[in-house]
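Each remark here refers to the structure printed beneath this line.
FYI, it's all coordinate maths here, none of it is from the lab. Please read all numbers here as calculations on a predicted model, not as lab measurements. Cβ: placed from backbone, ideal geometry, glycine included. Neighbour counts: every protein chain shown.
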Amino acid sequence: MSHMSRIEIDDDLIVRYLTGDAEPDEAVAMSEWLTSSANSAYFSQFENTWRRSAGAVQPEFNKRDAWKRVSVEIHVPVAAARTTRTTSFWPIGVAAAVITLAVSAYFLFFVTPKHDVVEMGKVATSDGFRFVELSDRSTVTLHRNSELQYPDQFQEADRRVRLARGEAFFNVASDAGKPFVVEANGVEIKVLGTEFNVQLSDTEITIHVREGRVFVRSAADSITLTAGLSGHVVAGDITVTDSSVGNLYSYATQRLVFNDASLTQVIHDLEDSYPYTFELKNQSLKNCRLTANFYKDDIDKIVNLVAETLNLTVTKDGRHFTLEGEGCL
Amino acid sequence: MTQGLPEEDIITAIREGNAVAFQHVFDTCYESLCAYAYTLLRDASEAEDTVQSMFMKLWEKRDTLEIKQSVRSYLFRAVYNQCLNQIEHRAVQSRHRAFSQSEVGDSGHDPEVFPEELEEKVRVAVDNLPPQCKKIFVMSRFDGLRYPEISSRLNLSVNTIQNQICKALKLLREELKDFTSK
């Protein structure tokens, strides 16, 4: 069991760190503590004095330049292996390529070598998320307990994949001559180049459109959805709702927006977007509300910030967080 | 650490030679590792060299990588060890130099001697610290001595050393208030 801040950060440790007398574990604790801007502001008062007292300049470390140097030494392409493909072939103007790239850096870990993806033409998840790049450079982020089937190469007149179960976020590369079609339980979702999410349950298929336009056709009905709309297909009937609220498909975009959201909601959305689980120790915590924005933040940073805002104590045990505190009225 | 990914997955990915995972760890930790190395070495480019070479070594021996603690703890410890080696190396070099130049005196712990380029205001502020506080601060700040060394030279506890340096910084901060804003 590891506590988020096992090592207490006090003035003594700050000073010890500056003078070069901090043990590695203490430095780790410092580096985590410093991700909070309030902490970092407090730290910089000491750092400033320490630096100025010897007329030293603030060192600047540039990780991009450093990575160039290191990657040459270890013979890895500067934009590491698998992302090169994604970056260099994106036609300019494809919807939200930047977001796709950000997501790919995150989820590529889950793509185990080709045999899983290409030869089987099928990828399935259980308790993790997964990022898949298709042969046309379209990308798919698979949620937990989901399965996607697709050909190694798109040789037909359209680019056809199948969501067999679960949920997936699609970023479709533009190809006007070759529509991209997702089949899900007998429903077809057809696009040219856009971003959208498909969620499959036993009784309903939900499609959220983030960018562009999507054509949805069931056996009995059909409709065109534009950005910000959701289509719900139940027993062949399609209804449309506004999808501009809430944190839909955050697991793919890594963007979380909380607007006076209850802590229960916050935890629900975090669990939906990160491979971690949460527990509220006291009932009174459910009354707490949070307003915050996160984009591509790591889980520790988010949890830290939430804890700091709501005055909670955090315990992290593997992939499980426990939150404790006075609660809110 | 890395964007909410479980550590085991990252370690496994690196062990399997996944360069994206490796780069991700690099991106996440590089700057804070350099900051730490800088506190130990007090030389920015030496700090960067040390951190980079640690990452190169890590990649070289990735198949045999055994990480029991968190990735972050592992990296900080590795950097710490390399910095200590580096400092040891420096000590050997300077002993060589001192020997071949048959003693130029000085290991510099004369509290009256400050780096020349130091602003007058700062010099005065340091000079005005209480005597013991000043002595200890100077040994740490300008002679680059670590707490245990200062402690044994002055025959004071490590705790005292730490308290005095902390006190010195707080006094200096007050003194230099208007000047430390940048």
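Suppose we look only past 20 Å in the calculated P(r) of the range B:2-100. What percent of the Cα-Cα pairs does that tail hold?
Numbers: 1989 of 4851 pairs.
Beyond 20 Å sits 41 percent of the P(r) for the range B:2-100.
Once the convex hull of the C-alpha atoms of the range A:254-325 is built, how many Å³ does it hold per residue, rounded to a whole number?
Values: hull volume 5.1 nm³, N = 72.
In the range A:254-325, the Cα hull volume divided by residue count equals 71 Å³.
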Across A:41-50, the residue-averaged tally of Cβ atoms belonging to other chains within 10 Å stands at 5
If you count, for every residue in A:256-263, the Cβ atoms of partner chains within 10 Å of its Cβ, what is the mean? 0
Along the Cα→Cβ direction, 7 angstrom out, place labels at A:V257 and A:V72. What is the inter-label distance in nm? 4.3
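Considering every residue in B:40-51, what mean count of other chain Cβ atoms within 10 Å of its Cβ is obtained?
Numbers: counts 5, 1, 5, 1, 6, 1, 0, 2, 8, 2, 0, 4.
Averaged over the peptide's residues, the number is 3.
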Between the range A:256-302 and the range A:168-228, the Cα center-to-center distance that results, in Å: 29
So what does log10 I(q)/I(0) come out to for the range A:125-174 at q = 0.13, 0.30 Å⁻¹, using the Debye formula with one equal point on every Cα and no solvent? -0.28, -1.21
Footprinting exposure proxy for A:I302, B:I150 (fewest neighbouring C-beta atoms within 10 Å first): A:I302, B:I150
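Calculated FRET efficiency, A:K122 and B:K57, Cβ-Cβ r, R0 35 Å, to nearest 0.05?
Calculated value: 0.35.
Rank by packing, highest mean first: peptides B:137-143, A:286-292, A:11-17, A:197-203, with packing defined as the count of other Cβ atoms within 10 Å averaged across residues. Numbers along the way, then the final one.
Numbers: B:137-143: 22.7, A:286-292: 15.4, A:11-17: 20.6, A:197-203: 17.0.
Result, highest mean Cβ count within 10 Å first: B:137-143, A:11-17, A:197-203, A:286-292.
Would you please put B:129-135, A:225-231 in order of how densely packed they are, using the mean number of other Cβ atoms within 10 angstrom per residue and starting with the highest? Walk me through the numbers on the way to the answer.
Details: B:129-135: 15.4, A:225-231: 18.3.
The densest-packed peptide leads the list: A:225-231, B:129-135.
For B:S70 and B:A91, FRET efficiency with R0 = 25 Å and r from the beta-carbon atoms, rounded to 0.05? If you can, show how the numbers build up before the last one.
On the way: r = 31 Å, r/R0 = 1.26.
E between B:A91 and B:S70, to the nearest 0.05, is 0.20.
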Cα-based equivalent ellipsoid of the range B:115-174: semi-axis lengths in Å, sorted from largest, via gyration tensor: 20, 13, 8
For the range A:2-50, just run the numbers: alpha carbon Rg, then divide by 2.2 N^0.38 Å, N being how many residues it has. 1.06
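When averaged across all projection directions, what area in nm² does the alpha-carbon convex hull of the range A:157-311 cover?
Details: hull surface 40.7 nm².
Projected area, direction-averaged: 10.2 nm².
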Order of A:L305, B:L154, B:L172 under a 10 Å beta carbon neighbour criterion, fewest first: B:L154, A:L305, B:L172
